[in-house]
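**Student:** One structure follows; several queries about it will come next.
The values are calculated or read from the model by the stated rules, or taken from the named source; none is laboratory data. Here the structure is a predicted model, which means the values were calculated and not measured. Cβ placement follows ideal geometry from the backbone for every residue including glycine, while neighbour counts extend to all protein chains displayed.
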Amino acid sequence: MAREPRRYGFESFACAPGMRIEALEQLSAVQLAQVHAQVGRLEVQVERLERRIWVTVFGVVVMVVMVVIAVAQQLTIAPA
């Protein structure tokens, strides 16, 4: 068992409050890593959703342009 280096001139020892603080620090580090991983996954999902929205928008624009062209052709073909 390796001993921790001396702090502030005192020999280190394990005590309940100190061990609790260390456990909470470790838990916080694990939780923070999980939050970062979740944020990364959310960013990927948002990018995919954004791409799908743009494809939908462009599809709607193409359909509107096609309808306008079809109506314009019908107006030019129809006898006056």
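**Student:** List pairs: first in segment 30-55 and free of Cβ contacts under 8 Å to residues at least 40 places away in the same chain and loosely packed, with under 10 Cβ neighbours inside 10 Å, second part of a helix (DSSP H, G or I) and among the small types (Gly, Ala, Ser), Cβ under 9 Å, 6+ apart or cross-chain?
**Tutor:** Pairs found: none.
**Student:** Check segment 4-24 and report whether any residue there is aromatic (Phe, Trp, Tyr) and modelled with pLDDT of 95 or more.
**Tutor:** Within segment 4-24, not a single residue is aromatic (Phe, Trp, Tyr) and modelled with pLDDT of 95 or more.
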